[in-house]
Amino acid sequence: MAAEIRALEDQGTWVLEKLPPRKTALGSKWVYIEKGDEHGNLQRLKARLAILGNHQVERLDYCETFASVAKMAIVRTFLAIEAVKNWEEH
């Protein structure tokens, strides 16, 4: 887990800040994913830090939520243009 924390810090994933008055920090937990070889033998555990967003209180911690989702028609149109113009996918 120390290697995962070091990698996150090296990538500039977060910046430590002081909390505003009357605010509390959300909790977090480590989620582990088993990584194996081609024979199914465990090689290592990959760690991911997840924020416990389910502990947020509406109107106290947030006012509204929004998830940007592309419609499939737009995605198909973009892929068609990409194919016609011979663009590289990323």
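The values are calculated or read from the model by the stated rules, or taken from the named source; none is laboratory data. Predicted model, so just to flag it, every value in this text is computed and none were measured. With ideal geometry, Cβ positions are generated from the backbone for all residues, glycine too; neighbour counts draw on all protein chains shown.
Determine the pairs where a residue that is without any contact (Cβ under 8 Å) to a residue 60 or more places away in the chain, located within the range 46-74, has a partner that is among the aromatic types (Phe, Trp, Tyr) with Cβ atoms under 8 Å apart, the partner being 6 or more residues away or on another chain.
Every condition considered, the pairs that remain are 46/32; 47/30; 47/32; 48/30; 48/32; 49/30; 50/30; 56/62.
State which residue is farthest from residue 52 (Cα to Cα) when the search covers only the range 1-32 and only residues that are in a strand (DSSP E or B) and either of a type in the set (S, T, N, Q) or touching an Asp or Glu at 6+ places or on another chain (Cβ under 9 Å) (or both).
Among them, the one singled out is 30.
Could you grab me the full set of residues in the range 37-90 that are touching a strand residue (DSSP E or B) at 6+ places or on another chain (Cβ under 7 Å) and either of a type in the set (D, E, K, R) or assigned to a helix (DSSP H, G or I) (or both)?
Those that are touching a strand residue (DSSP E or B) at 6+ places or on another chain (Cβ under 7 Å) and either of a type in the set (D, E, K, R) or assigned to a helix (DSSP H, G or I) (or both): 37, 44, 46, 48.
Out of (1) in contact with a Phe, Trp or Tyr (Cβ under 7 Å, 6 or more places away or on another chain); (2) at positive phi, the odd one out for residue 45 is which?
Among (1) in contact with a Phe, Trp or Tyr (Cβ under 7 Å, 6 or more places away or on another chain); (2) at positive phi, residue 45 violates only (2).
Go through the range 1-30 and report how many residues are under 16 Å from the mean Cα position of the chain (by Cα), surrounded by 10 or more Cβ atoms within 10 Å (Cβ to Cβ) and under 30 Å from residue 59 (Cβ atoms).
Counting residues in the range 1-30 that are under 16 Å from the mean Cα position of the chain (by Cα), surrounded by 10 or more Cβ atoms within 10 Å (Cβ to Cβ) and under 30 Å from residue 59 (Cβ atoms) gives 5.
Within the range 49-62, work out how many residues are at pLDDT 85 or above and surrounded by 10 or more Cβ atoms within 10 Å (Cβ to Cβ).
Looking only at that region, the number is 7.
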